[in-house]
Amino acid sequence: MDGQTATLTELREDFLATSTQSMPIAGIIFWTASAIASRVLSPEQLAYFVGFGSGTVFPLGLLIDRLRGRPMLQGNSTNPVVKGFLQSLSMVALLWPLVILGGLGRPGLIVLGGAILMGLVWVPYGWAANDPVGMRHTIARTLLCYAAYLFLPPAIRLTAVCLIVVGCYIYSLTAMRRPQAFARET
């Protein structure tokens with residue numbers, strides 16, 4: 001698709017048709033592993049797990065697509081909507097040091113910050129796909145994670161944060177419009 005002559009509607013349709021659910025699936029895998037880890041690791045160890053492990057979500061998404069015989073966002077190298085979405089992923093990476101610095105001495109804040117920060121990418125995804133689920137996901141995930149962190153007992157708060165993220169992913173996967181290519185494959 002030529003990004004210079006296509007309409008925004010056409011570019012969004014192309015984004016949706018050529019993207020996959022591999023990143024949300026990778027997110028579910030990572031945050032489920034984080035929830036399990038939260039029951040056996042100390043908060044400090046869990047903070048390391050989330051801080052460093054979060055970098056596995058994108059490569060895991062690529063692997064999921066590769067195992068399915070399909071490259072992520074295939075054929076979209078000229079679509080400016082795709083380029084904008086992919087650039088938004090760097091926003092999360094650039095803000096991670098802020099979360100880590102803010103969590104020094106308070107490892108639970110690293111888990112909370114990661115849960116919220118990594119959810120921000122749903123805003124540009126929702127815009128690119130022209131789907132309100134992206135914004136709903138980000139808002140619900142943020143508010144519920146804050147509430148769990150502030151109001152639940154310390155023994156379960158980090159597990160709850162991880163499970164909230166998984167729940168938001170499951171909601172989003174069931175509620176968002178299906179990419180054409182994904183719908184044909186399943």
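Beta carbons closer than 8 Å, at least 6 apart along the sequence or on distinct chains, pair a first residue in segment 52-68 that is farther than 11 Å from Met23 by Cβ and without any contact (Cβ under 8 Å) to a residue 60 or more places away in the chain with a second that is assigned to a helix (DSSP H, G or I) and hydroxyl-bearing (Ser, Thr, Tyr) for Gly53/Ser34.
For Met91, the criteria (1) touching a Gly at 6+ places or on another chain (Cβ under 9 Å); (2) in a helix (DSSP H, G or I); (3) surrounded by fewer than 19 Cβ atoms within 10 Å (Cβ to Cβ); (4) in contact (Cβ under 8 Å) with a residue 24 or more places away in the chain hold in every case but one, which is (1).
Here are Ala128, Ala115: which of them is buried (at least 19 other Cβ atoms within 10 Å of the Cβ), over 20 Å from Ile164 (Cα atoms) and small (Gly, Ala, Ser)?
On the way: Ala115 fails: over 20 Å from Ile164 (Cα atoms).
None of the other options fit; the residue is Ala128.
In segment 1-22, the residues that are over 12 Å from Val82 (Cα atoms) form Cβ pairs under 7 Å with partners that are modelled with pLDDT of 80 or more and not β-branched (Val, Ile, Thr), at six or more places apart or across chains, as follows: Thr20/Asp65; Gln21/Leu173; Ser22/Gly61; Ser22/Asp65. Of all residues in segment 2-27, those that are surrounded by 20 or more Cβ atoms within 10 Å (Cβ to Cβ) and touching a helix residue (DSSP H, G or I) at 6+ places or on another chain (Cβ under 7 Å) total 11.
Filtering segment 62-119 to residues that are on the phi > 0 side of the Ramachandran plot and at pLDDT 90 or above leaves only Gly105.
Checking Ala175, Ala155, Ala147, Ala160 one by one, the residue that is among the small types (Gly, Ala, Ser), surrounded by fewer than 17 Cβ atoms within 10 Å (Cβ to Cβ) and within 18 Å of the chain's Cα centre (by Cα) is Ala175 and no other. Look at segment 155-170: where a residue is more than 16 Å from Ala37 (Cβ to Cβ) and a partner is assigned to a helix (DSSP H, G or I) and of a type outside the set (D, E, K, R), sitting 6+ places away or on another chain with Cβ atoms under 6 Å, you get Cys168/His137; Cys168/Ala140; Tyr169/Pro24; Tyr169/Gly27; Tyr169/Ile28.
Just to be sure before I move on: is Ala183 surrounded by fewer than 15 Cβ atoms within 10 Å (Cβ to Cβ), assigned to a helix (DSSP H, G or I) and modelled with pLDDT under 95 in the structure I sent? Yes, satisfied.
Tell me which residues, restricted to segment 24-36, are among the aliphatic types (A, V, I, L, M) and without any contact (Cβ under 8 Å) to a residue 60 or more places away in the chain.
Ala26, Ile29, Ala33, Ile36
In the set (1) under 30 Å from Leu8 (Cβ atoms); (2) part of a helix (DSSP H, G or I), the condition left unmet by Leu144 is number (1).
The values are calculated or read from the model by the stated rules, or taken from the named source; none is laboratory data. Everything quoted here is computed from the prediction, not taken from an experiment. Cβ atoms come from the backbone with ideal geometry, glycine included; neighbour counts cover every protein chain shown.
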